[in-house]
Amino acid sequence: MPFTLANVTVEFFPTLTFPPPMAQSHTRIFLVRHGATVLTDEDRFAGETNVQLSDVGRQQASRLSARLAGEKISAVYASNMDRTMETARILAEPHKLEVQPRPGFREISHGHWEQMTRKEVETKYPQEAAEWDKDPYTFAPAGGESGLAVTARALPTLIELVRTHAGENVMVISHKATIRLLLSTLLGFDPRRYRDNLDQSPAALNIIDFKDCTRARLTLFNDTSHYTEAGLAIPAAPTPRLSKWWNDSVPHQAI
């Protein structure tokens, strides 16, 4: 609406022309661990065991699905195990996307340790347990995989998705050890310490932004704020979760 002041015409609310929105300049990976399973509370080695989600795990996945419902997601990929595929279907439903299985994102295989507790492994296979404690990246129990072997199949699978979906947002649903190994490699951490220094709660959300296939930034890590309806969940202190050193009952001497 124009008006004249001292022979100068001023117009309020002129028509503005905005440039079209720029394409996203990075590729965003929503990297999610599957929800809790029927074996989660038992703290057993269950990497290649095709265990099912528990009701708690389904609830966790549903809350994360609601949290991410407003995001623009181009595709959803998952390890081809039941617990990851079910989690992925819950996450994909608001986006009306089909889950695409990728075996490269499967969990690490623990060989003949599968479905045993840490104590049972230490009793039955003490030498293997000691070697695994020293270096879980290159050592593998009989019939199982090393962390290096998992990285060798999971990392190329992830990088291929970054290439395929350049400039898009993608969901990947995987497993605790596999996610920690991927993050260790992408961020340059010592992968021999992936179990000691990184955690992953059930249905935890991680966000990795890729500028290109070789440059990645961790934007969000092990987030579980969707556990509560208010979105304010504070993670509990880590439990042993198969990491022996964290459960050390002898207090460390102050320096």
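The values are calculated or read from the model by the stated rules, or taken from the named source; none is laboratory data. In this text, all values refer to a predicted model and were calculated from it rather than measured experimentally. Glycine also receives a Cβ, built like all others from the backbone with ideal geometry; neighbour counts cover every protein chain displayed.
Numbers at a glance
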{"quantity": "Condition broken by LEU155, with the remaining ones in (1) at positive phi; (2) assigned to a helix (DSSP H, G or I) satisfied", "calculated": "(1)"}
{"quantity": "Unique residue being crowded, with 16+ Cβ neighbours inside 10 Å, more than 20 Å from MET85 (Cα to Cα) and acidic (Asp, Glu) when the list is ASP199, ASP190, ASP212", "calculated": "ASP199"}
{"quantity": "Residues (β-branched (Val, Ile, Thr) and crowded, with 24+ Cβ neighbours inside 10 Å) located in region 64-89", "calculated": "THR84, THR87"}
{"quantity": "Residue, farthest from the chain's Cα centre (by Cα), within region 21-66, restricted to residues that are assigned to a strand (DSSP E or B) and under 13 Å from ALA88 (Cβ atoms)", "calculated": "LEU53"}
{"quantity": "Residue tally, condition under 27 Å from THR40 (Cα atoms), without any contact (Cβ under 8 Å) to a residue 24 or more places away in the chain and surrounded by fewer than 20 Cβ atoms within 10 Å (Cβ to Cβ), over region 150-187", "calculated": "1"}
{"quantity": "Residue among ILE173, ILE179 that is modelled with pLDDT of 95 or more, assigned to a strand (DSSP E or B) and within 29 Å of ARG58 (Cα to Cα)", "calculated": "ILE173"}
{"quantity": "Hits in region 80-112 - residues which are among the basic types (Lys, Arg) and within 23 Å of GLN59 (Cβ to Cβ)", "calculated": "ARG83, ARG89, LYS96"}
{"quantity": "Residue list for region 114-134, filter: within 27 Å of PRO156 (Cα to Cα) and surrounded by 14 or more Cβ atoms within 10 Å (Cβ to Cβ)", "calculated": "GLU114, TRP132, ASP133"}
